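The values are calculated or read from the model by the stated rules, or taken from the named source; none is laboratory data. All figures in this text were calculated on a predicted structure; none of them were measured in a lab. Here Cβ is always computed from backbone atoms with ideal geometry, including for glycine, and neighbour counts include all displayed protein chains.
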Amino acid sequence: MATRGGSVATASRLGEQVWSRMNKVNGELFALTYGALVNQLLRDFEDVDAINEQLEKMGYNIGVRLIDEFLAKTGVSSCESFRDTAELIAKAGFRAFLGVSAEVGGWNADSTAFSLMLADNPLTEFVELPPQYRGLYYSNILCGVIRGALEMVQIRVECRFVRDVLHGDDVSEIRVELKERIHDEMADEYKEG
Amino acid sequence: PRPRSRLLVAGGGEGWWAMSLQSLAFVGKENEPLYIWAQGDEAQQLHLQFLCHSALDVVEERQAATLSGRRISSSSDMFLGQLCPLEEYRIFGYVTNTSLKLLAVTGDAVNEQALKDLMKTAHRLFVRAVQNPFYTASTAVSSTRFQSSIRQAVAAFNAR
């Protein structure tokens, strides 16, 4: 049954439901696997910016596939506004796949940009960033996931970390900015005259 | 020859004689030093390190003797007890089945059970520290979180 993406409460409830029905994997194994991945990237690329970009790309590939599972499991059809989209990502999406909810905040004047605040991040469970990797956004994969998932529902965004617990801040913050709503264009040969 | 790894030693404060635990050392499989906490000034610290080093031979003997045939099933098995008196100190050992060795140097007599608990805690903290993906195996542990946790645990122990 399709439900409209609505208030915070709805999103939270959806998230809880999906989370409870998901197959769980061991949190430590998850964190260690991701850590090994980042470590390998460090060996392959060495340049911190290149690694950030790679993580984002990987996230994008995950996101474009994850969105289908999310939509199927939650039964959400469409959101009325970008605000609803934000709540859905933070409360339902994060909760369903990571087990932790994020807070939405930092809306700009025309509601086209918001921030996701993450207090708890299962990816960074054992991580302590050494000083030479200051510029590394360890969890940048999450930015890619959001971008990839939204692109599949015709919303183009840009995501980046603005605060990170690993860099000493008290919460991790991902800034999500709406760039455009994608309208599927008909290919030329189908257009009339 | 094995490359010398850079060792990190953290120091304690004044009045060291009053506190029981003088030093806690983490030594790896190949006897490489991973982290040492020691009381006192530079000279004192170096001296304690030296003592730990000498005790390693005893640990190896004990490890072979205690564990031949038996499997380590709990931290009680890992705790070796007092290894040998050295000068005015006593040294206690703790070996894990990955051959991680913990050495504790104490001044006067200590509550063995409490020391065993401390070493178990230290072991647990170490395990957490090495789960950091940025830690390279068999190198010195530079995690600040680990170092401050160890300091706290030792302080708590010495305060009893």
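Of all residues in the range B:54-71, count the ones that are out of contact with any strand residue (DSSP E or B) (no Cβ under 6 Å at 6 or more places or on another chain) and either surrounded by fewer than 14 Cβ atoms within 10 Å (Cβ to Cβ) or modelled with pLDDT of 80 or more (or both). Please lay out each step first, then the result.
First, the residues of the range B:54-71 that are out of contact with any strand residue (DSSP E or B) (no Cβ under 6 Å at 6 or more places or on another chain): B:54, B:56-57, B:60-61, B:64-71.
Filter again for either surrounded by fewer than 14 Cβ atoms within 10 Å (Cβ to Cβ) or modelled with pLDDT of 80 or more (or both), leaving B:54, B:56-57, B:60-61, B:64-65, B:68-71.
Selection size over the range B:54-71: 11.
Scanning the range A:24-44 for residues that are in a helix (DSSP H, G or I) and β-branched (Val, Ile, Thr), we see that the one that is farthest from A:PHE97 (Cα to Cα) is A:VAL38.
When the range B:121-148 is filtered for residues that are more than 9 Å from every other protein chain (Cβ to nearest Cβ), free of Cβ contacts under 8 Å to residues at least 40 places away in the same chain and part of a helix (DSSP H, G or I), the ones remaining, listed by number, are B:THR121, B:ARG124, B:LEU125, B:VAL127, B:SER148. Here are A:ARG163, A:ARG175, A:ARG181, A:ARG147: which of them is more than 14 Å from every other protein chain (Cβ to nearest Cβ), touching an Asp or Glu at 6+ places or on another chain (Cβ under 6 Å) and among the basic types (Lys, Arg)? None of the others qualify; the one that does is A:ARG163.
Looking across the range B:102-120 at every residue that is assigned to a helix (DSSP H, G or I) and either touching a residue at least 12 places away in the same chain (Cβ under 8 Å) or polar (S, T, N, Q) (or both), the one that is farthest from the other protein chains (Cβ to nearest Cβ) is identified as B:GLU112. Would you be able to say whether some residue in the range A:70-79 is in contact with a Cys (Cβ under 9 Å, 6 or more places away or on another chain) and not small (Gly, Ala, Ser)? The answer is no; no qualifying residue exists. Scanning the range A:140-149 for any residue that is under 19 Å from B:ASN132 (Cα atoms) and at pLDDT 95 or above turns up at least one such residue.
Being touching a residue at least 12 places away in the same chain (Cβ under 8 Å), within 14 Å of chain B (Cβ to nearest Cβ) and either over 19 Å from A:VAL162 (Cβ atoms) or under 11 Å from the mean Cα position of the chain (by Cα) (or both) holds for only one residue in A:SER139, A:SER77, and it is A:SER139.
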